[in-house]
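Before any comments, here is the structure.
The values are calculated or read from the model by the stated rules, or taken from the named source; none is laboratory data. Keep in mind it's a predicted model, so treat the numbers as computed, not measured. Ideal geometry is used to build each Cβ from the backbone, glycine not excepted, and the neighbour counts take in all protein chains shown.
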Amino acid sequence: MNCEFMIASTPLPPCMPLPKAMLRLQVSNTAKVMYARLLDEILTKGTEDSNGILFIRFPVMEIAAALSRSPQTCKRSLNELEQAGMIMRVRQGIGEVSHIYILLPKEDTAHE
């Protein structure tokens, strides 16, 4: 990887968003990185449901490839995020990819 020092005028390379509140959340680092990746995905490829709420379809195998992690690790991290209330998965029909809704921490949560 070719790297350089930053100066005030250096433009940032493409970055993924990660709310500061996620740093204090009691989930694995893989789950935190996954959340940033899911948030990036919903911002670029999100689909609106009938209520205007964005969701994504992101198969576990594709998440695993995107994060360079095993599918089992990704399933565990998705479960962590769901149990922490940071995502909501809505199961679809048999053989269909779940809809993943990304939940954002509220402002007052970010200052706890």
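All but one of (1) surrounded by 15 or more Cβ atoms within 10 Å (Cβ to Cβ); (2) without any contact (Cβ under 8 Å) to a residue 40 or more places away in the chain; (3) among the small types (Gly, Ala, Ser) hold for Ala21; state the number of the condition that does not hold. Among (1) surrounded by 15 or more Cβ atoms within 10 Å (Cβ to Cβ); (2) without any contact (Cβ under 8 Å) to a residue 40 or more places away in the chain; (3) among the small types (Gly, Ala, Ser), Ala21 violates only (2).
Please determine whether any residue of segment 36-57 is surrounded by 15 or more Cβ atoms within 10 Å (Cβ to Cβ), part of a helix (DSSP H, G or I) and β-branched (Val, Ile, Thr). Yes: one or more hits.
Find the residue count for segment 79-94, including only residues that are surrounded by fewer than 21 Cβ atoms within 10 Å (Cβ to Cβ), in contact (Cβ under 8 Å) with a residue 24 or more places away in the chain and under 13 Å from Met34 (Cβ atoms). Residues that pass the stated criteria total 2.
Screening the candidates Ala31, Ala65 for the property of being buried (at least 16 other Cβ atoms within 10 Å of the Cβ) and part of a helix (DSSP H, G or I) yields one hit, Ala31.
Among residues of segment 62-73 that are on the phi > 0 side of the Ramachandran plot, none has a Cβ under 6 angstrom from a residue that is in a helix (DSSP H, G or I) and β-branched (Val, Ile, Thr) at a sequence gap of 6+ or on a separate chain. Inclusion of Met16 among residues that are under 15 Å from Ile102 (Cα atoms) and hydrophobic (A, V, I, L, M, F, W, C) is warranted. Can you find, within segment 83-107, the residue that is modelled with the lowest pLDDT among those that are within 17 Å of Asp40 (Cα to Cα) and in a loop (DSSP other than H, G, I, E, B)? My answer is Pro105.
Every test in (1) over 15 Å from the mean Cα position of the chain (by Cα); (2) part of a loop (DSSP other than H, G, I, E, B) is passed by Pro19 save one, and that test is (1).
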